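The values are calculated or read from the model by the stated rules, or taken from the named source; none is laboratory data. Owing to the predicted nature of the structure, the values given are computational and were not obtained by experimental measurement. Quick reminder, even Gly has a Cβ in these numbers, built from the backbone with ideal geometry, and neighbours come from all protein chains shown.
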Amino acid sequence: MNIEISILFPFLVLAVWTAMLGKNIKSNTMVTLFVIAVGYYLYDEFYAVTLYEGFRDSFGGMILLSLASFALSLLQKNKKYYWFATIAIFLLTLYSNGAFDKKKKQAVQLNSTAELFFAVDDNVSETEIKNKLAQLNLSPQKFDISVKNPNSTLIDNLWFVDTKNEADVQSIYHKIDNIAFVKWVEYNEIVQVNNFQLNDPLSSKQWTSSSFQLNEIAAVLNNINPAKKARLAIVDTGVDSKHEDLTNVIAKSGTDKNGHGTHCAGIAAAESNNNLGISSFNVDGKFIEIIPIQVLSPNGRGDQLKILEGIVTAADLGADVINMSFGGFSFDDKQKAYVDAINYARNKGAILVAAAGNSNRQAIHYSPANIEGVITVASIDNDMIKSHFSNTTEGLRMPIAAPGSEILSTFLNGKYQTLSGTSMAAPYVAGIIAVIKSVRPELTEQEIYSLLEKTGTKHNDSKKIGNIISPLNLFSEILD
């Protein structure tokens with residue numbers, strides 16, 4: 001449950017109202033203020049989310065508001081404790097929403113040539129947009145993207161601006177947000193790959209093969225005829241389509257000047273049982289077809305606009321599964337553009353998988369890991385415990401844990417390399433989901449996640465990072 005900071009408005013009105021009971025104050029005035037405050041809170045909860053999500057979170061908020069009201073009524077006669085409790089609840093709410101998290105604020109980086117982007121009403125002309133922004137000394141540019149179903153998303157109606165001076169970003173954000181035809185504004189945050197390279201020599205084998213009984217699973221899958229070849233989009237730095245262990249399972253040619261995307265592709269879908277390289281669940285290459293979508297630069301970084309384009313493009317290319325092994329701190333815990341793009345992909349039948357992040361903190365403050373509708377993957381090591389670097393996934397709806405430490409996979413120039421990170425854990429899960437969609441294409445996102453969680457292994461850190469994925473149990477359940 002994600003309670004918005006706007007719950008403070010009705011809470012403060014309620015606190016003042018309770019404190020003033022019995023004094024010369026018009027109750028009608030307080031009722032009006034309270035209704036307005038609650039209305040704003042509900043608007044904030046329902047904006048840019050599904051009806052179910054809005055009801056779920058707002059119901060939780062109203063329960064907390066009722067409990068706070070009851071607590072204050074008990075303390076009404078003792079003003080010292082009453083105001084102490086009020087201030088404590090106020091500060092606790094701010095803290096839980098990251099208001100005092102200096103580390104979070106400092107870690108967020110924006111695209112220096114396009115710090116902000118915004119959505120506008122459909123009936124506004126380009127001339128009107130440019131003239132209005134010119135009054136703020138800004139030169140807006142239309143985000144150039146092709147969308148197959150434009151009526152299902154706002155992504156094709158986005159504009160971005162260069163504020164010229166980073167110190168003015170917040171001020172300009174609020175000025176744009178106040179323009180009548182602007183639906184919302186967001187910071188164009190930089191994301192990066194979620195891995196780091198170990199100095200140890202390359203492993204001679206994959207520890208996941210024995211720990212997760214890959215040979216036994218392969219023996220079962222070898223006798224299965226899939227209903228279709230699932231399309232798995234690797235939204236990343238690109239994929240080296242000429243790699244010996246990938247060339248037969250890639251839908252279109254691609255390049256990768258970083259290696260991260262190629263490494264993720266190998267974990268998810270390297271051709272197995274071909275007397276070459278590494279093994280994955282893509283036995284004989286008959287279950288998964290890789291769609292490489294390059295959104296990150298050779299240094300492993302990219303901005304949110306490029307990520308949004310990649311998600312929409314993957315969905316329009318018919319991806320059954322979309323892997324996102326990147327992310328970073330986010331200014332907004334509920335980002336409207338990410339929600340819009342991810343819902344666009346989900347409505348087209350794609351299941352989205354994201355890396356939790358590598359800062360050993362809570363993934364709820366990282367995007368796209370914290371977006372509703374995404375399966376968020378934390379990392380475990382070969383001792384089957386949480387990797388020391390992995391973010392935790394408390395508070396997220398669809399957490400799961402998978403191998404992410406010292407993972408051997410495909411790399412640049414036909415080589416194989418060992419990397420660690422939640423970036424490696426995410427494609428492990430994405431590949432398994434793709435095999436499921438290949439064999440049982442009728443299964444929905446929620447049905448598949450329920451199976452992941454139900455067949456997963458409970459452990460001491462399950463509440464922090466979710467159950468550990470158990471492929472053998474999972475496929476036994478699916479194929480039974």
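Candidates are the residues of the range 62-89 that are not aliphatic (A, V, I, L, M) and not in a helix (DSSP H, G or I); the one that is surrounded by the most Cβ atoms within 10 Å (Cβ to Cβ) is GLN76.
The combined condition, being over 20 Å from ALA426 (Cβ atoms) and under 16 Å from the mean Cα position of the chain (by Cα), is fulfilled by ASP340.
Output the residues belonging to the range 5-52 that are at pLDDT below 65, surrounded by fewer than 19 Cβ atoms within 10 Å (Cβ to Cβ) and not β-branched (Val, Ile, Thr). Selection gives GLY22, LYS23, ASN24, LYS26, PHE46, TYR47, LEU51, TYR52. Of the strands (runs of 3 or more DSSP E) lying entirely inside the range 267-362, those containing at least 2 residues that are at pLDDT 95 or above span 288-294, 321-324, 351-355. In the condition set (1) buried (at least 19 other Cβ atoms within 10 Å of the Cβ); (2) farther than 18 Å from ALA401 by Cβ, SER476 is compliant with all but (1). I'm checking my understanding of the structure. Among residues of the range 377-406 that are touching a strand residue (DSSP E or B) at 6+ places or on another chain (Cβ under 6 Å) and among the β-branched types (Val, Ile, Thr), which one is surrounded by the most Cβ atoms within 10 Å (Cβ to Cβ)? Once the filter is applied, the top-ranked residue is VAL377.
Exactly one condition in (1) modelled with pLDDT of 85 or more; (2) in contact with a strand residue (DSSP E or B) (Cβ under 6 Å, 6 or more places away or on another chain) is not met by GLN206; state its number. Condition (1) is where GLN206 drops out.
A quick yes/no check of all residues on (1) among the β-branched types (Val, Ile, Thr); (2) at pLDDT 95 or above; (3) under 21 Å from GLY261 (Cα atoms):
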{"residue": "ASN391", "(1), (2), (3)": "no, yes, yes"}
{"residue": "SER423", "(1), (2), (3)": "no, yes, yes"}
{"residue": "ARG440", "(1), (2), (3)": "no, yes, no"}
{"residue": "TYR449", "(1), (2), (3)": "no, yes, no"}
{"residue": "LEU452", "(1), (2), (3)": "no, yes, no"}
{"residue": "THR455", "(1), (2), (3)": "yes, yes, no"}
{"residue": "LYS464", "(1), (2), (3)": "no, yes, no"}
{"residue": "PHE475", "(1), (2), (3)": "no, no, no"}
{"residue": "ASP480", "(1), (2), (3)": "no, no, no"}
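Scanning the range 131-159 for residues that are within 15 Å of ASP177 (Cα to Cα), in contact with a Phe, Trp or Tyr (Cβ under 9 Å, 6 or more places away or on another chain) and free of Cβ contacts under 8 Å to residues at least 40 places away in the same chain gives a single hit, PRO140. Listed by first and then second residue, the pairs with beta-carbon distance under 8 Å, at least 6 apart or on different chains, first residue in the range 63-78 and at negative phi, second surrounded by fewer than 16 Cβ atoms within 10 Å (Cβ to Cβ) and not charged (D, E, K, R), are LEU75/TYR81; GLN76/LEU21. Check the range 367-383 and report whether any residue there is farther than 25 Å from LYS454 by Cα, assigned by TED's automatic domain parsing to the domain that holds LYS257 and part of a strand (DSSP E or B). Checked against the condition, which is being farther than 25 Å from LYS454 by Cα, assigned by TED's automatic domain parsing to the domain that holds LYS257 and part of a strand (DSSP E or B), the range 367-383 yields at least one hit.
Of all the residues in the range 204-247, those that are polar (S, T, N, Q) and either touching a helix residue (DSSP H, G or I) at 6+ places or on another chain (Cβ under 6 Å) or within 25 Å of GLN192 (Cβ to Cβ) (or both) number 4. Answer with yes or no whether LEU221 is farther than 21 Å from GLY414 by Cα and surrounded by 17 or more Cβ atoms within 10 Å (Cβ to Cβ). Considered against the rule, which asks whether it is farther than 21 Å from GLY414 by Cα and surrounded by 17 or more Cβ atoms within 10 Å (Cβ to Cβ), LEU221 comes out as yes. Candidates GLU189, GLU166: the one that is within 21 Å of the chain's Cα centre (by Cα) and either of a type in the set (Gly, Ala, Ser) or under 26 Å from SER297 (Cβ atoms) (or both) is GLU189.
Screening TRP184, TRP159 for residues that are modelled with pLDDT of 95 or more and under 26 Å from ASN343 (Cβ atoms) leaves exactly one candidate, TRP159.
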